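> Handing you this structure, nothing more for now.
The values are calculated or read from the model by the stated rules, or taken from the named source; none is laboratory data. Keep in mind the model is a prediction, meaning the values are calculated, not measured. With ideal geometry, Cβ positions are generated from the backbone for all residues, glycine too; neighbour counts draw on all protein chains shown. Side chains included, ligands, DNA and RNA excluded: accessible areas come from the protein's heavy atoms. Shrake-Rupley method; radii C 1.70, N 1.55, O 1.52, S 1.80 Å.
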Amino acid sequence: MKLHISTLITTILLCLSFVSIVQSTQPPFSCDSSNPQTKSLKFCQTGLPISVRVQDLVSRLTLDEKISQLVNSAPAVPRLGIPAYEWWSESLHGVGSAGKGIFFNGSIAGATSFPQVILTAATFDENLWYHIGQVIGLEARGVYNAGQAIGMTFWAPNINIFRDPRWGRGQETPGEDPIMTGKYAIRYVRGVQGDSFNGGQLKKGHLQASACCKHFTAYDLDQWKNLDRFSFNAIVTPQDMADTFQPPFQDCIQKAQASGIMCSYNSVNGIPSCANYNLLTETARQQWGFHGYITSDCDAVQVMHDNHRYGNTPEDSTAFALKAGMDIDCGDYLKKYTKSAVMKKKVSQVHIDRALHNLFSIRMRLGLFNGDPKKQLYGNISPSLVCAPQHQELALEAARNGIVLLKNTGKLLPLSKAKTNSLAVIGHNANNAYILRGNYDGPPCKYIEILKALVGYAKSVQYQQGCNAANCTSADINQAVDIARNSDYVVLVMGLDQTQEREQFDRDDLVLPGQQENLINSVAKAAKKPVILVILSGGPVDISFAKYNPKIGSILWAGYPGEAGGIALAEIIFGEHNPGGKLPVTWYPQAFVKIPMTDMRMRPDPKTGYPGRTYRFYKGPKVYEFGYGLSYTTYSYGFHSATPNTIQLNQLSSVKTVENSDSIRYTSVEEIGSDNCEKAKFSAHVSVENSGEMDGKHPVLLFVKQDKARNGSPIKQLVGFQSVSLKAGENSQLVFEISPCEHLSSANEDGLMMIEEGSRYLVIGDAEHPINIMM
């Protein structure tokens with residue numbers, strides 16, 4: 001092997017410097033207190049404010065050193081004792097291996113693998129979301145403390161709205177509702193970063209790990225027909241931007257206090273997100289008060305130039321991104337072109353210094369410039385916590401409570417273990433544990449196939465793969481039919497996998513691929529009793545044929561349920577757990593694919609027959625509705641008399657109202673003001689009773705709807721949800737806080753949030769409560 005002189009010099013400098021040497025048990029850090037030079041460096045003085053320390057550090061860097069730090073794989077600066085740092089790590093539903101900052105090649109070979117986000121979202125359980133975030137943050141720090149990480153910045157969560165059912169990355173999101181997505185972001189981010197459930201408890205801003213909300217903004221198309229995310233220009237109305245696409249990011253910044261956001265590949269209304277000053281600086285930083293770092297999606301700056309043609313030269317595109325407020329390039333475009341952009345006076349060092357200030361502030365908040373990390377705030381988080389039993393139990397709980405029972409004719413489920421002598425398990429997804437992980441995954445602590453999890457529940461279990469793969473281009477229908485005929489019960493484990501939906505791959509159809517439907521119907525027809533159908537998928541699937549086939553008695557949707565998904569499904573099928581999950585997305589019929597994915601409009605257009613999108617606006621047939629999910633027991637709901645019927649905004653003296661063309665009075669949320677918005681809050685009191693025969697846990701979803709949606713208002717809107725556990729025959733009282741400014745408002749065509757006078761209904765299940773807003 002040929003060794004260059006420059007490499008030898010760098011190696012010698014590294015050895016002579018006071019950069020800690022990364023070993024299997026020693027994570028990288030700066031400002032080693034055992035080195036006398038540390039005391040002379042102001043940026044190592046932990047008693048000073050981080051802003052002062054960062055200013056000192058940046059002032060010591062040469063232009064070339066500064067530029068080298070503007071990319072995700074930031075090299076070491078040996079003369080200052082700054083080790084290399086990797087900004088790109090992933091933790092979508094567990095510490096992952098997709099990025100470059102985490103290594104599972106030492107004593108830690110895996111981490112807790114939770115269900116893919118779309119299934120965790122189906123629990124509608126904020127406490128669970130927070131605890132999952134906590135575990136991910138703890139395990140991330142545990143991996144770092146074990147010396148198997150060179151970065152503690154994690155590019156999750158994905159909080160884009162699941163706008164179109166074909167989107168391959170919809171599985172990574174909490175679903176289609178902006179309020180719910182914002183709440184998921186808040187709990188996940190607080191958990192990961194080491195904050196409390198209610199927030200505000202980060203000690204002097206120190207971070208356990210750094211979370212990054214992505215992809216900012218209006219990103220929900222990857223590869224559809226001949227169009228890809230790299231060249232897509234999302235045309236979004238101010239109305240849809242205000243009440244659909246932006247609220248989750250505003251919550252992530254203002255309420256969750258996320259330390260990072262990622263700008264997306266796409267353009268929005270003609271401007272690439274990573275070059276959009278209004279988006280990154282005016283909105284995120286100035287309007288919402290963001291104080292973290294902004295990264296590009298990987299190679300997005302190059303995409304800006306090559307695909308969007310935004311900037312005549314690479315230097316132009318580089319300057320656009322830095323001036324807009326982007327701090328770091330996932331890629332090497334800024335490394336290549338920033339210096340020449342400076343030389344050509346397209347960008348100044350002021351913008352570079354701003355970016356570095358944001359970047360090094362995060363590294364200092366992570367404690368990476370405070371000396372030996374084992375002696376710091378998070379130094380006592382043991383690597384042994386990774387894959388701890390309680391963490392794996394949480395993964396099981398998430399899978400159990402997220403799985404959705406879509407059909408259960410004649411109470412086919414749960415099956416009786418004592419009465420099930422023979423069980424046929426059929427399907428390409430039954431005997432493949434890898435499929436359970438979803439995308440952006442890492443090696444799990446352990447996992448078990450659905451087939452193996454079911455084996456212990458019946459005296460005899462037969463298995464037949466059925467389809468050759470998820471695309472089901474061929475199927476052993478005859479063999480599947482044979483074992484179905486000879487078994488007491490049949491469980492079909494069908495659906496999609498990452499070959500059918502993933503990053504850079506959107507679906508063309510909503511039906512099951514290939515011969516899956518034919519196989520399912522043939523087996524159902526031959527079976528002694530109605531069969532049980534399990535669907536694995538991230539996105540919605542049109543299974544109308546199964547919904548209405550009497551020979552298919554039960555349907556379960558299990559998303560991609562993570563390392564414990566096989567066990568959770570077996571427990572549900574045999575009644576050891578009562579399912580309570582609710583769909584976080586609308587399931588559309590196949591005919592929906594006639595709507596172009598590129599049409600970003602949320603509201604319907606009666607003139608053209610455009611049906612709109614998501615449960616809030618969609619006026620068309622559905623396979624299953626948002627929030628749908630059955631249980632083995634029965635719940636009933638009612639509103640207490642303590643819930644008000646009239647909301648008198650006219651008593652807020654400063655509120656000014658105007659009248660629209662329909663003679664309806666309205667006022668803007670901005671006009672009401674934050675103080676009056678607080679005063680206007682009220683409580684909805686709800687009783688919930690388990691009137692069935694089985695204990696259960698389920699989320700209670702509270703909606704508000706109008707008699708007639710006007711001016712593009714939602715048909716109905718989720719305003720709150722709470723998860724409740726009830727024994728058979730037990731009841732509980734829940735209280736929901738409702739903010740008229742947040743929950744009873746909608747955006748007008750200019751993107752201003754408005755509240756109209758008139759009647760609405762609070763809705764839970766079949767129970768309704770009228771409320772009237774007076775002005």
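> Go ahead and estimate [θ] at 222 nm for the chain from helices alone: -39,500 (n - 2.57) per DSSP H run with n ≥ 4, summed, over the residue count, rounded to 500.
Estimated from H runs of four or more residues: -7000 deg cm²/dmol.
> Next up: To the nearest 10 degrees, how steep is helix 314-324 against the longest Cα principal axis of the chain, on a 0 to 90 scale?
Long axis of 314-324 versus the principal axis of the chain: about 80 degrees.
> Next question. How high is the relative contact order of the stretch 378-535, in percent, with contacts defined as C-alpha pairs under 8 Å that are six or more residues apart?
Relative contact order here is 25 percent.
> On a C-alpha basis, how far is the centre of the stretch 305-340 from the centre of the stretch 68-94 in Å? Whole number, if you could?
19
> Leaving out ligands and nucleic acids, and using a 1.4 Å probe, what accessible area per residue does the chain come to in Å²?
Values: 28710 Å² over 775 residues.
Counting only protein heavy atoms, the per-residue value for the chain is 37 Å².
> Then there is this: Note the listed values (1) 40, 37, 30; (2) 44, 34, 25; (3) 49, 45, 21, then indicate which one is semi-axes √(5λ) of the Cα gyration tensor in Å calculated from this particular structure.
Only one listed value fits the structure, namely (2).
> Could you rank the peptides 603-610, 426-433, 585-592, 544-551 by their average count of other C-beta atoms within 10 Å per residue, with the highest value first?
426-433, 585-592, 544-551, 603-610
> Extension gain residue 670-residue 525, at 0.36 nm per residue separation less the Cα-Cα distance, in nm? Intermediate values should be presented prior to the final figure.
Details: separation 145, 0.36 × 145 = 52.20 nm, distance 6.01 nm.
Here the answer is 46.2 nm.
> May I pose another question? Going by average Cβ density within 10 Å per residue, which order do the peptides 567-578, 189-200 take, highest to lowest? Mind showing how you got there, number by number?
Working: 567-578: 22.2, 189-200: 20.5.
Output ranking for 567-578, 189-200: 567-578, 189-200.
> Once neighbouring chains are kept in place and the probe is 1.4 Å, which whole percent of the accessible area of the chain is contributed by carbon and sulfur?
C and S fraction of accessible area: 50 percent.
> Tally Lys/Arg at +1 and Asp/Glu at -1 over every other residue whose Cβ is under 13 Å from the Cβ of residue 600; what's the total? Mind dumping the intermediate values first?
Details: positive: 163, 601, 603, 613; negative: 164, 220, 240, 599, 605.
Around residue 600, the charge tally is -1.
> Give me the distance in nm between label points sitting 7 Å out from Cα along the Cα-to-Cβ direction at residue 576 and residue 625, one decimal.
Once both label points are built, they end up 3.5 nm from each other.
> Still on this model: Please give the FRET efficiency for residue 419 paired with residue 658, using the beta carbon to beta carbon distance and R0 = 51 Å, rounded to the nearest 0.05. Working shown, then result.
On the way: r = 67 Å, r/R0 = 1.32.
The pair residue 419/residue 658 has a calculated efficiency of 0.15.
> Using mean Cβ contacts within 10 Å as the protection proxy, how do 142-150, 720-728 order, highest first?
Numbers: 142-150: 23.4, 720-728: 17.7.
The packing order, highest mean first, is 142-150, 720-728.
> Over 21 Å between C-alpha atoms is what I'm after, so list which of 100/323; 619/716; 411/525; 528/622; 66/204; 183/716 land there.
100/323; 528/622; 66/204
> Also: Could you work out how far helix 333-343 tilts from the main Cα principal axis of the chain, as a 0 to 90 degree angle to the nearest 10?
40
> Go ahead and collect, in residue order, the members of the stretch 752-768 whose backbone nitrogen is under 16 Å from a label point 7 Å along the Cα-Cβ direction of residue 705.
Label zone hits: 759-768.
> Could you compute the net charge surrounding residue 638? Neighbours are other residues with a C-beta less than 11 Å from the C-beta of residue 638; K and R count +1, D and E count -1.
-3
> Within the set of other residues whose C-beta is less than 14 Å from the C-beta of residue 204, count the net charge using Lys and Arg as +1 and Asp and Glu as -1.
+2
> Between the stretch 145-189 and the stretch 691-740, how many Å separate their Cα centres?
When both Cα centres are located, 24 Å separates them.
> Might you report the magnitude of the Cβ-based charge dipole of the chain about its Cα centre, with Lys and Arg at +1 and Asp and Glu at -1, to the nearest 20 debye?
That gives the chain a dipole magnitude of about 980 debye.
> Still on this structure: Output the relative contact order of the chain, whole-number percent, from Cα pairs under 8 angstrom with separation of 6+ residues.
About 14 percent, as a whole number.
> Hey, another quick one. With a 1.4 Å probe and all protein chains kept in place, how do 316, 482 rank by accessible area, largest first?
Order by accessible area, largest first: 482, 316.
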